[in-house]
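Shown next, in structure tokens, is the structure this report addresses.
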Protein chains: 2
Amino acid sequence: MRASRYLIATQKETPADAEIISHQLMLRAGMIRKLAAGLYTWLPMGLRTLRKVERIVREEMDKSGAQEVLMPAVQPAELWEESGRWTQYGGELLRMNDRHGREFCFGPTHEEVITDLVRNELSSYKELPANFYQIQTKFRDERRPRFGVMRAREFIMKDAYSFHLNSESLNETYQVMHRTYCAIFDRLGLDYRPVQADSGAIGGSASHEFHVLASSGEDDIVFSTNSDYAANIEKAEAVAPAGERPAPTEELKEVSTPDKRTIDAVSEFLGIDATRTVKTLLVKSEADEDGNAGLIALILRGDHTLNEIKAENLQGIAEPLTMATDEEIEKAVGCKPGSIGPVNLTVPVIVDRSAAHLSDFVCGANKNDVHLTGVNWQRDVALDRVEDIRNVVEGDASPDGQGTLEIRRGIEVGHIFKLGNKYSKAMNATVLDENGKSVSMEMGCYGVGVSRIVAASIEQNHDDKGIIWPDAIAPFQVAIVTLNAHKSPTVAEAGEKLYEQLRQAGYDVLLDDRNERPGVKFADMELIGIPHRFVVSDRGLAAGTLEYKGRRDTDKQDIPVAEALPFLVNSSPRKGL
Amino acid sequence: MRASRYLIATQKETPADAEIISHQLMLRAGMIRKLAAGLYTWLPMGLRTLRKVERIVREEMDKSGAQEVLMPAVQPAELWEESGRWTQYGGELLRMNDRHGREFCFGPTHEEVITDLVRNELSSYKELPANFYQIQTKFRDERRPRFGVMRAREFIMKDAYSFHLNSESLNETYQVMHRTYCAIFDRLGLDYRPVQADSGAIGGSASHEFHVLASSGEDDIVFSTNSDYAANIEKAEAVAPAGERPAPTEELKEVSTPDKRTIDAVSEFLGIDATRTVKTLLVKSEADEDGNAGLIALILRGDHTLNEIKAENLQGIAEPLTMATDEEIEKAVGCKPGSIGPVNLTVPVIVDRSAAHLSDFVCGANKNDVHLTGVNWQRDVALDRVEDIRNVVEGDASPDGQGTLEIRRGIEVGHIFKLGNKYSKAMNATVLDENGKSVSMEMGCYGVGVSRIVAASIEQNHDDKGIIWPDAIAPFQVAIVTLNAHKSPTVAEAGEKLYEQLRQAGYDVLLDDRNERPGVKFADMELIGIPHRFVVSDRGLAAGTLEYKGRRDTDKQDIPVAEALPFLVNSSPRKGL
């Protein structure tokens, strides 16, 4: 491509409303433009990268044996009513009426449509397993769309849905998809981790997320220092501390703690470490048959934080997790939230594993401005129900017993999920098994955030000059910058010659033949993030050389003109290889 | 691809609700499935063809110098209000509100979005011309969606928009697009015609449609027998008959024509040919400053039909064309519609060129059940305004003076259009010209109905066994059908070997390894329309041959196993060549 005939829509200024670096750089590099909140046009430069991501995803999905289909974006409400999601889905579902007043939505996902298709097309176990995917525009009406294409309303997703006679077959395809996703992210050239994820809410039995590691990531992901264990923070198990709980040494005592209502304030006032205290949170319980919900107390060590997903998944606790109000606490316990404690508490108590391991600890006395010290489980208060309800912290023991945990930030770009028969049962998607018996199919679903990957890659790979693309998804692999080509026919000719040579060798090349100052051209090519750059100048040509600089290089180097192609072949695979 | 691992969703029965052959065959061949009215899922077999069409369109657009972008499907109402189309567009525009109550539509076309983009990105004549295209899902909420993907509500379109400093530059790009469209349809392997089209309504200055010829087409397209002249019926000019109008020979006479109110009835009753009569149609005139509209009479030769587009484009006639009601006619003329005529008519008269060439003709007398014979222009009635207001008929002289006209049926699959400055003016999309003066850009727009092409190709290419694909867009180019492979390892092995050999040579091959009867497999491959078929059988292998049959061939032929590839190379280009 010749830059003079291409939309190079770079910007010097950082756009004021772009909060994260990928959003800023995608705007500045002329990859996207905002049409409205959460709606972006992909300019030619951005679309090139998007299409390369799509292509890699498609090739690996095809290799896995999945079959590509294309379902409508607009979906009839009737199917969502069958699955129960028309009412459940909430505000993110963009609903609309057609000219005849019938209800539709712009699909945020396609479980209903594919299940409807498969129940009509497949009837025998002999046709299973089957895995169908599409790469398609989706819409989620985010309440607060932001971060550019990272959290847009309209976005491009690869979604796949597999169908099985039984869970063994689902497990096999799930493993194939796990490997396929690794192959995709390997080829994309990204530093990523597959992590165990929570699957409680949708009722599936297993789930993994694929995260691109980036310090700006919104999710905490957890690894073992000494094993393959990896999970997102919601899922990562906090194991019980090793050893027996120490025996009590102190007497139970009431102490006055005037106006001390936080762990920090109480610890400081009493001159003890927060790890010697517990905090007590009150949440709503599940409603009974008459619809009445009570409260449940959750006890955590003072320095730990509640893992809401773990708590929500526990029996007896209302879903979604709902904290008790100050009024409800006052009514049930007779004190303000900062003074609750398990001793003589009249609501059921669930104790976190680490809190359960304490002896001689401090807690609220269920009276305002009073705490208890020297509290001990079993001696002073029963210890009936111990559960894992906290977030892990760095240094915790790994759940697999090997090493300790580290926490990094990640951006979720893929998710694989065993759905079980949630949709097939609700929508009566059955096949006949070997014995002629009708059974609900087992299902898996597998998503990749295609447009989000572009942003995630930038979050992971950039510097103060701009984007640094992995070779595989760079809009162009090579930039050729000609200096003063408008005055020097020699430079113009050498630029064209190199351009043709590299193109014919299979590279995506951008020839920057614009009549701009060298500094402008260099800055643009670095901002856009093209991995390899050759400079063609009169001075170089006089010495028979081109100047080469890799996007991550600190130094330039002179390469003999005839060596340019072999040098590049050594540094970078060609398009499609 | 192995058929045993692929969704071959063929059906024997013709679906009851599919009216046209392409819709029937796309359902029967397992290419598409209906989700809801006008909404179709593309199954793997259909999507392969769709993607090949897309690829050819993309490659030719890229070759033309157009730059690919991707604009959001969901568009904010504000932009459509700027262009005035939010209120004009009518029921086909699918409107919706987001969670904050803001108005959006699912884009049926993208003039507003691209004009908004370009007015923000381009500022100088030096950046022009520019041509941006996308291949994207669109939605038009057709009142009565039907004919499968031929007239679906959700469909895939290639739309391009070009921007220019002046109309000379627009003309150049328009010609480039004309050539590009010819290249696209040539590569698709379709019998098509570019034809002049009417552009009056949108106010543009030129327009061509590209039609795939098929007897089932909805549009009439017109060609000269002796020249390149081609137009759609709306646009095709009906030239004035050659020579002078004959001199009058008859006297004007009133004749009683009881209950004769159609041209046929009057002609038969009077024993004359319909070509000797005229018919008089009354339509509404444009409203005057006070909003009052009168009537205008349109006079046609009895055997001719009104061309509503031509009439609507005439000065003084209301747009859209509106026929007068019986009551309005009664009030203005004093008779029923079947008895009107130009003599002594009190409303303005526009006479078609052919009607104006008549002498001694018959027309209504503006009294019920009375006609006039021997009527002559100028002697009996003024002839002030003669226009071209009729549809051409076969045998008419070609407007370019070379040959006569033929009429065929076509399916519109492409449309190129000079928009002028309609959108750039309404939306203030300007650049600075060479003199630093701000000017509205000239625009062109260029559409290809990508999903429609798939159906149009089938309308043009099928027989009683099923689809006949052009090589370039067949889902698979070659079918290998193995006979009794489940019992014969020799056949299975030879099938696999041929499959690998042809695949490695660059062909898209479907190996029909299903455990089905030969008749079922043959019928499926023919229904699906794969251009080339090899049969691998024990009997053939014993003689060292494979059986070959082209989809259009009537006879099979035996080909030595070793000759299969060279034979194929001779008959068909490889994928992507």
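The values are calculated or read from the model by the stated rules, or taken from the named source; none is laboratory data. Because the structure is a prediction, the values reported are computed rather than measured. With ideal geometry, Cβ positions are generated from the backbone for all residues, glycine too; neighbour counts draw on all protein chains shown. Only protein heavy atoms, including side chains, enter the accessible area calculation; ligands, DNA and RNA are left aside. Shrake-Rupley method; radii C 1.70, N 1.55, O 1.52, S 1.80 Å.
If the condition is being touching a residue at least 24 places away in the same chain (Cβ under 8 Å) and assigned to a loop (DSSP other than H, G, I, E, B), then the stretch B:280-313 contributes B:E286, B:A287, B:A293, B:G294, B:G302, B:D303, B:H304, B:T305, B:N307, B:N313. Selection within the stretch B:384-396: residues that are open to solvent by 50 Å² or more (accessible area, probe 1.4 Å) and hydrophobic (A, V, I, L, M, F, W, C). The member of this set that is nearest to B:L321 (Cα to Cα) is B:V386. A residue that is in contact with a Phe, Trp or Tyr (Cβ under 9 Å, 6 or more places away or on another chain), within 30 Å of B:S207 (Cβ to Cβ), at pLDDT 95 or above and acidic (D, E) can be found somewhere in the stretch B:442-460.
The number of residues in the stretch B:60-87 being buried (at least 20 other Cβ atoms within 10 Å of the Cβ), touching a residue at least 40 places away in the same chain (Cβ under 8 Å), more than 7 Å from chain A (Cβ to nearest Cβ) and under 26 Å from B:E103 (Cα atoms) comes to 1.
Do you know which of the residues in the stretch A:146-182 that are outside any strand (DSSP E or B) and aliphatic (A, V, I, L, M) is nearest to the other protein chains (Cβ to nearest Cβ)? It comes out as A:A152. Checked against (1) modelled with pLDDT of 95 or more; (2) open to solvent by less than 20 Å² (accessible area, probe 1.4 Å), A:S339 passes all but condition (1).
Applying the criterion of at least 2 residues that are within 30 Å of B:G217 (Cα to Cα) and open to solvent by less than 40 Å² (accessible area, probe 1.4 Å) to the helices (runs of 4 or more DSSP H) found wholly in the stretch B:458-545 leaves B:518-528.
Residues that are within 17 Å of B:R261 (Cα to Cα) and part of a helix (DSSP H, G or I) were ranked within the stretch B:314-336; the one that is least open to solvent (accessible area, probe 1.4 Å) is B:I329.
Yes/no per residue for (1) modelled with pLDDT under 95; (2) in contact with a Ser or Thr (Cβ under 8 Å, 6 or more places away or on another chain):
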site	(1), (2)
B:D524	no, yes
B:A543	no, no
B:K549	no, no
B:K575	yes, no
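Listed by first and then second residue, the pairs linking a residue in the stretch B:108-124 that is in a strand (DSSP E or B) to a residue that is modelled with pLDDT of 95 or more, with Cβ atoms under 9 Å apart and 6 or more places separating them unless they lie on different chains, are B:S124/B:V431; B:S124/B:L432; B:S124/B:D433. Only residues that are at the interface with chain B (Cβ under 7 Å from one of its Cβ atoms) and open to solvent by less than 10 Å² (accessible area, probe 1.4 Å) were counted across the stretch A:131-145, and they come to 2.
Before we move on, is B:F106 more than 13 Å from every other protein chain (Cβ to nearest Cβ), closer than 30 Å to A:H100 by Cα and aromatic (F, W, Y)? Criteria not met by B:F106. Scanning the stretch B:4-32 for residues that are within 16 Å of B:R48 (Cβ to Cβ) and over 23 Å from the mean Cα position of the chain (by Cα) yields a total of 8.
If only residues of the stretch A:25-59 that are part of a strand (DSSP E or B) and among the basic types (K, R) are counted, the one that is farthest from the other protein chains (Cβ to nearest Cβ) is A:K34. Taken as a whole, the structure places B:A397 among residues that are out of contact with any Phe, Trp or Tyr (no Cβ under 6 Å at 6 or more places or on another chain), of a type in the set (G, A, S) and closer than 30 Å to B:K279 by Cα. For the stretch A:247-272, the candidate set comprises residues that are β-branched (V, I, T) and not in a loop (DSSP other than H, G, I, E, B); within that set, the residue that is least open to solvent (accessible area, probe 1.4 Å) is A:V266. Here the strands (runs of 3 or more DSSP E) wholly within the stretch B:347-424 that include at least 2 residues being farther than 28 Å from B:R193 by Cα and in the same structural domain as B:L281 (by the TED database) are B:349-352, B:361-367, B:370-375.
Is it fair to say A:E13 is touching a helix residue (DSSP H, G or I) at 6+ places or on another chain (Cβ under 7 Å), away from chain B (no Cβ under 12 Å) and among the acidic types (D, E)? Taking the combined requirement at face value, the residue does not satisfy it. In the set (1) within 27 Å of A:L128 (Cα to Cα); (2) over 23 Å from the mean Cα position of the chain (by Cα), the condition left unmet by A:T109 is number (2).
For the stretch B:427-441, residues that are crowded, with 21+ Cβ neighbours inside 10 Å and either at pLDDT below 95 or among the small types (G, A, S) (or both) total 1.
Screening A:I114 with (1) more than 9 Å from chain B (Cβ to nearest Cβ); (2) within 25 Å of A:E59 (Cα to Cα) gives one miss only, at (1). Take A:I329 and tell me if it is in contact with a Gly (Cβ under 8 Å, 6 or more places away or on another chain) and among the β-branched types (V, I, T). For A:I329, the condition - in contact with a Gly (Cβ under 8 Å, 6 or more places away or on another chain) and among the β-branched types (V, I, T) - is not met. Does the stretch B:438-450 contain any residue that is without any contact (Cβ under 8 Å) to a residue 60 or more places away in the chain, within 26 Å of the chain's Cα centre (by Cα) and farther than 30 Å from B:R552 by Cβ? For the stretch B:438-450, residues without any contact (Cβ under 8 Å) to a residue 60 or more places away in the chain, within 26 Å of the chain's Cα centre (by Cα) and farther than 30 Å from B:R552 by Cβ: absent.
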